[in-house]
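*Asks:* What follows is a structure written as structure tokens; I'll ask about it next.
Just so it is clear, none of the values below were taken in a lab; they were calculated from the coordinates. Keep in mind that what you see is a predicted model, and the values were worked out from it rather than measured. Here the Cβ is made from the backbone with ideal geometry for all residues, glycine too, and neighbour counts use every protein chain on show.
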Amino acid sequence: QVRLEESGGGLVQAGDSLRLSCEVIGEAFGAYAMGWFRQVPGKERECVAAINWNGGSTYYADSVKDRFTIAKDHAKNMYLQMDSLKPEDTAVYYCAAVPPRQGSYYTQVDEYRYWGQGTRVTVSS
């Protein structure tokens, strides 16, 4: 069995920072391409950052570029450093993982196999 678990969310003020973590729980084979998604009521789940299996290629949504940083310190662990947070960053954040079919990152919900339950990030003004 493989399960993903996010942590690190919370309530912060605009301009503050948070670091989200995603750990793979249970035995898993090989490396994963991974991503961070966020969702608010009334909107589709959107990819904010993604990273390929070896950490050598990354993607950032325009809304978070230059403020968020995605990283992997191991093939089965992932982090999202969020700086200069804005109220519009308020959402439930989900980590996702999938065995790669090629060396690229993935940005679409239907490209991922495993999902965490989400961690809430609330940014007040």
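*Asks:* Specify the inter-centroid distance of the range 8-42 and the range 90-125, based on alpha-carbon positions, in whole Å.
*Replies:* 7 Å
*Asks:* Would you please name the GluC sites (Glu not before Pro) within the range 1-101 that are DSSP coil residues with at most 14 other C-beta atoms within 10 Å of their C-beta?
*Replies:* Glu27, Glu44
*Asks:* What residues qualify as long-range amide H neighbours of Thr107, i.e. H under 5 Å apart, gap of 5 or more or another chain, H built at 1.01 Å from N?
*Replies:* Residues meeting the criterion, in which the H sits 1.01 Å from N, do not exist here.
*Asks:* Looking at the range 82-121, which trypsin sites (Lys or Arg not before Pro) are DSSP coil and have at most 13 other C-beta atoms within 10 Å of their C-beta?
*Replies:* When the trypsin sites (Lys or Arg not before Pro) of the range 82-121 are filtered for loop state and at most 13 Cβ neighbours within 10 Å, Arg101, Arg113 remain.
*Asks:* How about the range 32-79: which trypsin sites (Lys or Arg not before Pro) there are in a DSSP loop, with at most 10 other Cβ atoms within 10 Å of their Cβ?
*Replies:* Those that pass, being in a loop and sparsely packed, are Lys43.
*Asks:* Placing unit charges on C-beta atoms (Lys and Arg positive, Asp and Glu negative, everything else neutral), compute the dipole magnitude of the chain about its Cα centre in debye, rounded to 20.
*Replies:* 120 debye
*Asks:* Would you list, by chain and number, the lysines whose Cα falls below 22 Å from the Cα of Lys65, excluding same-chain residues fewer than 8 positions away?
*Replies:* Output for Lys65: Lys43, Lys86.
*Asks:* Mind pulling up the Rg/Rh value for the range 12-80? Radius of gyration and Kirkwood radius, both on Cα.
*Replies:* Using Cα coordinates only, the ratio equals 0.99.
*Asks:* Tell me the relative contact order for the chain as a rounded percent, counting alpha carbon contacts under 8 Å between residues six or more apart.
*Replies:* Value for the chain: 36 percent.
*Asks:* How long are the three semi-axes of the equivalent ellipsoid for the chain, computed from the Cα gyration tensor as the root of 5 times each eigenvalue, in whole Å, largest first?
*Replies:* 23, 14, 13
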